[in-house]
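Some notes on the structure that comes next.
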Amino acid sequence: MENHRYRKALLIDDNEIDNFINKKLLLKTKFAVDIVEKKSASSALEYLRASANDPTALPDIIFLDIMMPVMDGFDFLDEFDKLPDSTKNDCRIIMLSSTESFKDLNRANSNKYVYKFLNKPLTEMVLAAIQ
């Protein structure tokens with residue numbers, strides 16, 4: 001983990017290209033040692049549920065896309081609320097959006113689990129600003 005800011009990051013986005021680019025950026029900038037990719041909110045929730053008893057398997061930070069089919073980012077947050085407190089306390093969520101919607105921004109910022117709301121694409125500068 002030397003020189004890396006986080007141990008593990010979870011990318012949740014139905015867009016494989018966005019996941020690929022974001023993973024490369026996270027690795028290049030040494031943002032996280034390990035990056036887990038999930039293409040749906042439901043598969044990400046399954047991963048978090050399966051990892052609940054193993055703190056080392058849980059991500060320190062989650063990059064969550066808002067716009068996804070079937071279950072969007074806000075639906076994910078509703079289900080995330082039902083996870084064990086240990087999981088909710090260990091995972092910091094950053095919501096990602098490709099739109100400049102004030103409605104989404106306000107909704108994300110009013111959710112207690114959302115640490116930050118960022119517009120896509122992620123950049124080195126944006127990652128550097130995440131504390």
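Observations
- Test result for T123, in contact with a Leu (Cβ under 7 Å, 6 or more places away or on another chain), more than 17 Å from D14 (Cα to Cα) and not charged (D, E, K, R): no
- Test for L10: is it at pLDDT 95 or above, among the aliphatic types (A, V, I, L, M) and either surrounded by fewer than 20 Cβ atoms within 10 Å (Cβ to Cβ) or not in a loop (DSSP other than H, G, I, E, B) (or both): yes
- In region 101-113, the residues that are polar (S, T, N, Q) form Cβ pairs under 9 Å with partners that are part of a helix (DSSP H, G or I) and open to solvent by 100 Å² or more (accessible area, probe 1.4 Å), at six or more places apart or across chains, as follows: S101/R107.
- Comparison of T87, T123, T56 shows that the only residue that is surrounded by 14 or more Cβ atoms within 10 Å (Cβ to Cβ) and within 20 Å of R7 (Cα to Cα) is T87.
- Candidates are the residues of region 93-112 that are within 22 Å of N15 (Cβ to Cβ) and among the basic types (K, R); the one that is surrounded by the fewest Cβ atoms within 10 Å (Cβ to Cβ) is K103.
- Failed criterion for I17 (all others in (1) open to solvent by 60 Å² or more (accessible area, probe 1.4 Å); (2) β-branched (V, I, T); (3) part of a helix (DSSP H, G or I); (4) closer than 21 Å to Q131 by Cα hold): (4)
- Filter pass, K82 being over 18 Å from R7 (Cα atoms), basic (K, R) and not in a strand (DSSP E or B): yes
- Consider region 29-53 and keep the residues that are outside any loop (DSSP other than H, G, I, E, B) and free of Cβ contacts under 8 Å to residues at least 24 places away in the same chain. The one that is most open to solvent (accessible area, probe 1.4 Å) is E46.
The values are calculated or read from the model by the stated rules, or taken from the named source; none is laboratory data. These numbers come from a predicted model, not from an experiment. As a convention, Cβ positions derive from the backbone with ideal geometry for all residues, glycine included, and neighbour counts pool all protein chains shown. Only protein heavy atoms, including side chains, enter the accessible area calculation; ligands, DNA and RNA are left aside. Shrake-Rupley method; radii C 1.70, N 1.55, O 1.52, S 1.80 Å.
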